[in-house]
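Only one structure is covered here, and it is reproduced in the block below.
The values are calculated or read from the model by the stated rules, or taken from the named source; none is laboratory data. Since the structure is predicted, the reported quantities are computational estimates derived from the model, not experimental observations. Here Cβ is always computed from backbone atoms with ideal geometry, including for glycine, and neighbour counts include all displayed protein chains.
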Amino acid sequence: MALRIESATLPANRFHSRNSASVKRAKACQTIKSSPQNALRFRSAVGNVNLLSKLGDVPVKSRCCKVTRAVQSAEAPTEKKSKSKRPLKVLVAGGGIGGLSAALALQNKGFEVQVFERVKKYKPFGGPIQLQCNSMGTLQAIDAAVGEEVLSSSTITGDRINGLMDGVHGGWFFRFDTRKPCFNNGLPLTLVIHRARLLDILLKAVGEDNVTAATEVESYVEDKDGVTCKLSNGETVRGDILIGADGIR
């Protein structure tokens with residue numbers, strides 16, 4: 001089974017157009033039963049992930065603003081055909097923020113997970129990134145300790161003036177409020193953290209032994225029992241599920 005993490009962004013007016021129907025949806029907690037025809041679609045900080053029936057039933061709170069316990073409520077299924085009832089083996093192509101977040105969520109539910117990352121060694125790159133309240137809620141649901149470490153390593157900006165400023169003249173092009181949406185939905189304030197620091201936290205939580213560096217997933221073949229991946233080092237690896245988190249190709 002092959003899945004792909006897709007990037008997703010919220011519309012700019014996501015928190016401003018709240019009719020009665022959307023309020024009811026935001027408060028509703030639904031359990032979506034997975035099946036080959038109706039895959040579970042889980043929206044999180046890492047995007048949209050389709051988890052098919054092998055991953056079992058996962059209670060999902062509608063609207064990602066109420067996702068704080070979605071991950072913790074699922075049990076890791078085992079392969080029915082296996083005499084030892086081994087946990088499903090999940091292969092993750094890509095060890096960035098999305099891939100490591102997915103790996104950590106699955107590890108914490110008892111799955112066997114192996115991540116393949118093309119870089120030889122993680123090095124600091126990029127700059128500060130903003131984590132909106134729904135992203136923090138998802139990280140806390142995946143791993144409470146990771147959520148706390150991210151929070152302690154970040155600068156909270158949700159209680160400040162946010163917007164787009166002219167860097168030459170210092171005037172505001174526009175400003176927006178990131179505080180009220182958090183309070184209205186019971187979520188942590190928006191914060192900023194360096195990308196490299198966030199990667200370090202996730203890598204430590206997943207465990208470097210579970211990340212194969214300098215290795216790409218070049219191709220894969222699916223069959224009824226799982227998926228076989230061809231790696232850039234010439235080896236092949238077998239798993240039950242493959243998650244693609246290696247960026248746009």
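Residue-by-condition table, conditions (1) charged (D, E, K, R); (2) buried (at least 20 other Cβ atoms within 10 Å of the Cβ); (3) touching a Cys at 6+ places or on another chain (Cβ under 8 Å):
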{"residue": "A102", "(1), (2), (3)": "no, yes, no"}
{"residue": "P128", "(1), (2), (3)": "no, no, no"}
{"residue": "A196", "(1), (2), (3)": "no, no, no"}
{"residue": "K204", "(1), (2), (3)": "yes, no, no"}
Handout entry: Enumeration of residues in region 130-176 that are surrounded by fewer than 13 Cβ atoms within 10 Å (Cβ to Cβ) and touching a residue at least 60 places away in the same chain (Cβ under 8 Å)
Key = A145
Exercise for the section: Tell me, yes or no, whether region 120-134 has at least one residue that is farther than 21 Å from A102 by Cα, touching a Gly at 6+ places or on another chain (Cβ under 9 Å) and among the aromatic types (F, W, Y). Expected result: no
Practice task
Could you name every one of the strands (runs of 3 or more DSSP E) located completely within region 108-178 that has at least 3 residues being closer than 30 Å to A93 by Cβ and not acidic (D, E)?
Solution key: 112-116, 128-131
Exercise for the section: Quickly run through region 194-234 and pick out the residues that are β-branched (V, I, T) and either touching a Pro at 6+ places or on another chain (Cβ under 9 Å) or in contact (Cβ under 8 Å) with a residue 60 or more places away in the chain (or both). Expected result: V206, V211, T212, T215, V217, V227
Handout entry: Among (1) more than 24 Å from I248 (Cβ to Cβ); (2) at pLDDT below 95; (3) not basic (K, R) - the single one S153 does not satisfy
Key = (2)
Handout entry: Within region 104-150, considering residues that are out of contact with any Lys or Arg (no Cβ under 7 Å at 6 or more places or on another chain) and acidic (D, E), the one modelled with the lowest pLDDT
Key = E148
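Give the residues of region 116-135 that are more than 26 Å from S154 (Cα to Cα) and among the hydrophobic types (A, V, I, L, M, F, W, C), sorted by residue number.
Here is the first cut: in region 116-135, the ones more than 26 Å from S154 (Cα to Cα) are 116, 118, 120.
Correct list: F116 only.
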Exercise for the section: For region 193-211, state whether one or more residues are farther than 23 Å from N108 by Cβ and of a type outside the set (G, A, S). Expected result: yes
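How about region 150-207: which of its residues are in contact with an Asp or Glu (Cβ under 7 Å, 6 or more places away or on another chain) and within 30 Å of E117 (Cβ to Cβ)?
I201, A205
Within region 181-193, does at least one residue satisfy the condition of being assigned to a strand (DSSP E or B), aromatic (F, W, Y) and either within 19 Å of G96 (Cα to Cα) or without any contact (Cβ under 8 Å) to a residue 12 or more places away in the chain (or both)?
From region 181-193, those assigned to a strand (DSSP E or B) are 191-193; that's our starting set.
Filter once more, so that each one left must be aromatic (F, W, Y): none.
Among the residues of region 181-193, not one is assigned to a strand (DSSP E or B), aromatic (F, W, Y) and either within 19 Å of G96 (Cα to Cα) or without any contact (Cβ under 8 Å) to a residue 12 or more places away in the chain (or both), which makes the answer no.
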